[in-house]
Amino acid sequence: MRRPLIGLTAYAQHVHFGRNDVMAGMLPMTYVRAVHVTGGRAVLITPDDPGTDVLETLDGIVFTGGGDVGPGHWGAEPHPETEVDEVRDAAEIMLMRAALEQDLPVLGVCRGHQVMAVATGGSLHQHLPDLIGHDRHRAAVGTDPLAAGAGDYGRHDVVTADHSLAHDLFGRHTTVNSFHHQAVADPGRCVATGWCPDDRVVEIIEHPGRTFALGVQWHPERTSDLRVFAALVAAAMNRRKVAAAA
Amino acid sequence: MRPIIGITTYVMPATWGGWNDLPTVLVPRDYAEAVTLAGGRAVLLPPDDRDADVLRMLDGLLLSGGPDISPRWYGQEPGRHTVTHPERDEAELLLLEAALDRDLPVLGVCRGMQLLVAAHGGTLHQHLPDVLGHERHRVAPAVYSEHDAVFVPGSRIAGLMGGDVTINCFHHQGVADAGKLTVTGRAEDGLPEAVEDPDRRFLLGVQWHPEVSRDVRLFGALVQAAAERS
């Protein structure tokens, strides 16, 4: 069986490496490794492009983490802490809608999970500390809240709903790393199926009408627990088999 | 549907947005923009030497610039100025060989041209100043040097470039022997600047950086060849 092709949304970012300082199309290698370790072949989908035709050649897609989603997409004014990349928003919301329309297997990670809610008519809390009174969902950049000896800042449990894909994947609860200050308020056409038990922040959403469309608020690609990537790759593999048999 | 052009990438420890030296897949955005402006759909290909599976979604392959290729691919020991990235070599050569098997359109830029040459039995000069006695192909860090090239009349590259033969270079290695490829363009000092295989649908390597100016002459030709195939 040939490997399913998994698109990963990439972004444009000024990066510094060696003696170079360039505007690059880029993505942390952790996402690529997560796809390759679980049996897929990763390709990066650049945001600077208006079309969705590339989806026809993919077997699955991951909407990756990154900055905030623009509140104009659900009719709100930006919070002072909100930082938006409009080009990336427009490209990813369009790709998300097209991917769901085609029933392409979809995994949303952090920002990607939020894009899944917004693209299906939902909305976000723009700054969690205003809602829950603390910033413990946002670990410091560059840290690993799941490392042995780390404090519990940026680490928390997630509980899942019965009879959900989330429950099938994780059982009743799991422990996650957390790097965000926005969160899903209204999941749109999706359904919330996982929460942080301490503060009821939505951590997992699913699209009930799709074969595989799952969003997680944390960063599994930075951990050794790649169950969501394995599930995506399996769904992508199934889709290829069905397409080949048709 | 637009033809899909796969662009090879680096994996480098990169620093951005609060992350320091985080292993990152990246390639200058210029390449994707040049493909987009020429009417293609760019996707970026992280190095992966397991297989060439990804070719099934591609209509064309763009081998991007970057560090030196390992001299072992052309039978030499590394010189003291040679900086290599072996895992990228292996992943790109695997893709290139499979692309050539399928006669997929291929454009090689700078390092990509040098990879084309090595894959066709040619050799490189590992450090041009040692050979040419000047540094006009790489005048300073992050500075492209402009010069005029001379193209072989009737070649693909001569037809694409037309009357404007100014090229922008940034490299310290160069083609010594193009192997089975044909040299179709040279700098004023005689260094090969363009190679092609006239027997193939589209196989072109250029030593300069057409992506910086989004040169639609070259990227347009790649996209058009890819469209004819798709």
Sequence-separation-based contact order of segment B:33-119, relative, with Cα cut under 8 Å and 6+ spacing, percent: 38
Spread of Cα-to-Cα distances over 5 Å intervals beginning at zero, given as percent, for segment A:53-178: 2, 9, 15, 19, 19, 18, 12, 5, 1, 0
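By its C-alpha gyration tensor, with a ≥ b ≥ c as the square roots of the eigenvalues, how is segment A:5-245 shaped: rounded for a/c under 1.5, else prolate for a/b larger than b/c, else oblate?
Numbers: a/c = 1.26, a/b = 1.12, b/c = 1.13.
Rounded.
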Isotropically averaged projected area of segment B:1-116, using the convex hull of Cα atoms (one quarter of hull area), nm²: 8.4
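To the nearest 20 Debye, how big is the dipole of segment A:38-167 about its Cα centre, given +1 on the beta carbon of each Lys and Arg and -1 on that of each Asp and Glu?
Details: 7 positive and 21 negative charges, 76 e Å.
Charge dipole of segment A:38-167: 360 debye, to the nearest 20.
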Loop-located trypsin sites (Lys or Arg not before Pro) in segment A:124-184, at most 14 other Cβ atoms within 10 Å (DSSP): A:R172
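Explain nothing, just the number: relative contact order of segment A:7-148, from Cα pairs under 8 Å at least 6 residues apart, as a whole percent. Kindly include the intermediate steps, with their values, before the conclusion.
Details: 187 pairs, mean separation 31.4, N = 142.
That works out to 22 percent.
How long are the semi-axes of the ellipsoid equivalent to the protein assembly as shown, from square roots of 5 times the Cα gyration tensor eigenvalues, in whole Å, largest first?
Working: eigenvalues 380, 104, 78 Å².
The answer is 44, 23, 20 Å, longest axis first.
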Rounded, prolate or oblate (a/c below 1.5 giving rounded, otherwise prolate when a/b exceeds b/c) for segment A:182-244 by Cα gyration tensor: oblate
Shape of segment B:103-174, Cα gyration tensor, a/c cut at 1.5: oblate
Likely footprinting exposure, B:R80, A:R227, B:R29, fewest C-beta neighbours within 10 Å first: B:R80, A:R227, B:R29
Antiparallel bridges, percent of DSSP beta bridges restricted to segment A:5-245 (to nearest 5): 60
Chain B - Rg (one decimal) and Dmax (whole number), Cα, Å: 16.6, 52
About the Cα centre, charge dipole magnitude for segment B:4-229 (Lys/Arg +1, Asp/Glu -1 at Cβ), debye: 300
Relative contact order %, chain A, counting alpha carbon pairs below 8 Å whose residues are six or more apart: 21
Local electrostatic count at B:F202 - Lys and Arg +1, Asp and Glu -1, tallied over other residues with Cβ under 14 Å: 0
Stretch in chain B that is longest and holds no GluC sites (Glu not before Pro) that DSSP places in a loop and that have at most 13 other beta carbons within 10 Å: B:1-134
Spin-label proximity, A:Q102 to segment A:204-246 - amide N less than 13 Å from point 7 Å beyond Cα toward beta carbon: A:240
Where a label projected 7 Å from the Cα of A:M23 along Cα→Cβ would reach, residues of segment A:31-72 with amide N under 15 Å: A:47-49
Range in chain A, longest, excluding exposed GluC sites (Glu not before Pro) [loop by DSSP; at most 15 other beta-carbon atoms within 10 Å]: A:84-246
Shielding by partners, peptide B:32-44 (average Cβ within 10 angstrom, other chains): 5
DSSP bridge pairs, the protein assembly as shown: antiparallel proportion in percent, nearest 5: 65
Rounded to 5, percent antiparallel among DSSP beta bridges of segment B:4-229: 60
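Only four residue types carry charge here, +1 at the Cβ of Lys and Arg and -1 at the Cβ of Asp and Glu. Report the dipole size of segment A:5-245 about the Cα centre in Debye, rounded to the nearest 20. Walk me through the intermediate numbers first.
Details: 18 positive and 30 negative charges, 174 e Å.
Using Cβ point charges on Lys, Arg, Asp and Glu, segment A:5-245 gives about 840 debye.
Laboratory data are not the source of any read-out in this text; all were calculated from the coordinates shown. All of these numbers come straight from a predicted model, not from anything done at the bench. Because the Cβ atoms are built from the backbone with ideal geometry, glycine has one as well, and the counts that use them run over all protein chains shown.
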